[in-house]
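Just below is one structure, and these are the notes that go with it.
The values are calculated or read from the model by the stated rules, or taken from the named source; none is laboratory data. A quick note: this is a predicted structure, and the numbers were derived from the prediction, not measured. We place every Cβ from the backbone using ideal geometry, glycine too, and count neighbours over all the protein chains shown.
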Number of protein chains: 2
Amino acid sequence: MSKCEQCIIKQFNSLKSLTKDELIRISACKTSKTIKKGTILFDEGDTINGVYCVKDGICKLSKLSENGKDQIVKMVVKGQLIGQRSLVSDQSSNLQATALNDMEVCFIPKSEIIADLQKNPKFSYDMLQDMARDLKEADNIIVNMAQKSVRQRLAETLIYIHESFGTNPDGTLSVLLSREDFANIVGTATESAIRVLSQFKKDGMISTQGKHIKIENLNDLKRIE
Amino acid sequence: MSKCEQCIIKQFNSLKSLTKDELIRISACKTSKTIKKGTILFDEGDTINGVYCVKDGICKLSKLSENGKDQIVKMVVKGQLIGQRSLVSDQSSNLQATALNDMEVCFIPKSEIIADLQKNPKFSYDMLQDMARDLKEADNIIVNMAQKSVRQRLAETLIYIHESFGTNPDGTLSVLLSREDFANIVGTATESAIRVLSQFKKDGMISTQGKHIKIENLNDLKRIE
DNA sequence: TTTTAAATATGATAATTGTCATGTTTTATC
DNA sequence: GATAAAACATGACAATTATCATATTTAAAA
């Protein structure tokens, strides 16, 4: 099992601000896990009792609406932490976390990290900055949801995934999502998402081979209104 | 000018976690301001250079969408801070702040408070908890925007204002909003907001006298789907 | 108070999006 | 590889919401 104090993944999140001693202590009680694609890490209402540090893979954070549809609120990739909000506010999770592909994660128990948060100002300030970033992002999503069309939102989602998570060697988006996932990000019916994607394809902005999507004309996609 | 160390407003925000010495220092350089209804405290893109502590009044935080419409993202009332996110991430504001009625605020310069944030773990932990609360709230709004109808969102907005900000002696909502404001909270056209409110009135769930709205049947309003 | 501007209200119509039905393709499992 | 299940796709139609036009009311200014 790898040691936190030597792990390079922490450079991408607030764990980098822990002291060497703190890291050694955490390393001793963390758990490494392999999580299969499709597995639910935790559900809405679950008491998480710690944070996950994502070493590899991608995960979606979603919330069930009263109408029975899932809304994807955030996607978490390698380097990021999951469960920070619940840790800080000492509440059960308000989101469900589901692995979108096979994942490697480390689980750090709450008991080992909460004291550091209250004692190490650099660490809590760092987490504060993380959360500030999330909050800004969430505000932007609210505005998009409220004011933009499904067509626009879907185009922006494709661009976001393309630019944030990159592409495979063949140019297809590296994050493989079902049409239902796209609908749940955009906040629309699955059929509507499928229809819009089909239209994008007809217009030559994307190409598809099964679930794999390739952006063919980024500029046109960016110009959609 | 009142002293921070004696001010009771700070009980409602993270400033309560500052030490007496820190408060005295901040008190010496803070500015008290009276802000007239309708005044823009700061605009999108402005460098705020500090935080506002709201001593009285209400303020809306909004963001201009590309289609030219304002989206109200949050309402801030007595006791809360404004500008925390920009302070923490050291960025210009991504939101516009506008007074919804006459306000009393104190402005604390960034230079006086940022060091405390990095040195006083209790203070930063407290602000972290504030931001965690905001983030949870924002996630809920995303889900509502994405999955609920205008009718539902408007009903929930009325209930939210009723329960969070209270009513005047005559039972009308204490926060006075224009129909356009309601539209900008819900994320719809002003005409649509007006239409839905008219329908609520016809159905006996609310009554109106000019801009003043009174909830007449909270249960029916809560049951809207 | 009169005048003017702004906010509220409502109708008509178009555009967007959701729902249900049904067929096709892809993927998983035996 | 055959079979079943899931995911994808598309048509038809209904519901929701936006837009434009135009009154009417309310608030503000002269």
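The test for being over 19 Å from the mean Cα position of the chain (by Cα), in contact (Cβ under 8 Å) with a residue 12 or more places away in the chain and within 20 Å of B:P121 (Cβ to Cβ) does not hold for B:R85. Can you tell which of B:L100, B:L95 is within 16 Å of DNA strand C (Cβ to nearest atom), crowded, with 20+ Cβ neighbours inside 10 Å and closer than 18 Å to B:I40 by Cα? Result of the check over B:L100, B:L95: B:L100. The residue list B:A155, B:A138, B:A132 contains one member that is modelled with pLDDT of 95 or more, small (G, A, S) and within 16 Å of DNA strand D (Cβ to nearest atom), which is B:A155. Among the residues of the stretch B:107-120, none qualifies, meaning not one is within 16 Å of DNA strand C (Cβ to nearest atom), away from chain A (no Cβ under 13 Å) and crowded, with 20+ Cβ neighbours inside 10 Å.
Before we move on, is A:K10 in contact (Cβ under 8 Å) with a residue 24 or more places away in the chain, of a type in the set (D, E, K, R) and under 29 Å from A:A189 (Cα atoms)?
So A:K10 fails the test.
Please work out if A:F165 is more than 13 Å from DNA strand C (Cβ to nearest atom) and within 19 Å of the chain's Cα centre (by Cα). Please lay out each step first, then the result.
On the way: more than 13 Å from DNA strand C (Cβ to nearest atom): yes; within 19 Å of the chain's Cα centre (by Cα): yes.
Considered against the rule, which asks whether it is more than 13 Å from DNA strand C (Cβ to nearest atom) and within 19 Å of the chain's Cα centre (by Cα), A:F165 comes out as yes.
Being modelled with pLDDT under 95 and basic (K, R) narrows it down to one residue among B:K36, B:K74, B:K16; which is it? Unique residue meeting the criteria: B:K36. Restricting the stretch B:139-153 to residues that are hydrophobic (A, V, I, L, M, F, W, C) and farther than 17 Å from B:S62 by Cα leaves a set whose member that is farthest from the other protein chains (Cβ to nearest Cβ) is B:V150.
If you go through the stretch A:11-27 and keep only what is under 18 Å from B:Y125 (Cα atoms), part of a helix (DSSP H, G or I) and more than 24 Å from the chain's Cα centre (by Cα), you end up with just A:E22.
Among residues of the stretch B:194-220 that are hydroxyl-bearing (S, T, Y), those with a beta-carbon under 8 Å from a residue that is not in a helix (DSSP H, G or I) at least six positions away or on a different chain give the pairs B:S207/B:I213; B:S207/B:K214; B:S207/B:E216; B:T208/B:K214.
Of all the numbered requirements in (1) over 22 Å from A:N94 (Cα atoms); (2) within 16 Å of DNA strand D (Cβ to nearest atom), B:F123 misses one, and that requirement is (2).
With respect to the conditions (1) more than 14 Å from every other protein chain (Cβ to nearest Cβ); (2) within 25 Å of A:D70 (Cα to Cα); (3) within 14 Å of DNA strand C (Cβ to nearest atom), A:A183 falls short on a single one, namely (1). All conditions but one from (1) buried (at least 19 other Cβ atoms within 10 Å of the Cβ); (2) more than 10 Å from chain B (Cβ to nearest Cβ); (3) modelled with pLDDT of 95 or more apply to A:T172; the one that does not is (3). For residues that are charged (D, E, K, R) and in a loop (DSSP other than H, G, I, E, B), scanning just the stretch B:187-225, find the one that is nearest to DNA strand D (Cβ to nearest atom). Of everything passing the filter in the stretch B:187-225, B:K211 is nearest to DNA strand D (Cβ to nearest atom). The residues of the stretch A:36-47 that are touching a Leu at 6+ places or on another chain (Cβ under 9 Å), surrounded by 13 or more Cβ atoms within 10 Å (Cβ to Cβ) and under 18 Å from A:E104 (Cβ atoms), listed by number, are A:K37, A:F42.
Scanning the stretch B:64-79 for residues that are within 10 Å of the chain's Cα centre (by Cα), within 14 Å of chain A (Cβ to nearest Cβ) and in contact (Cβ under 8 Å) with a residue 24 or more places away in the chain gives B:I72, B:V73, B:K74, B:M75. In the set B:L61, B:L87, only one residue is facing another protein chain (nearest Cβ under 9 Å), of a type in the set (A, V, I, L, M, F, W, C) and part of a strand (DSSP E or B); that residue is B:L61.
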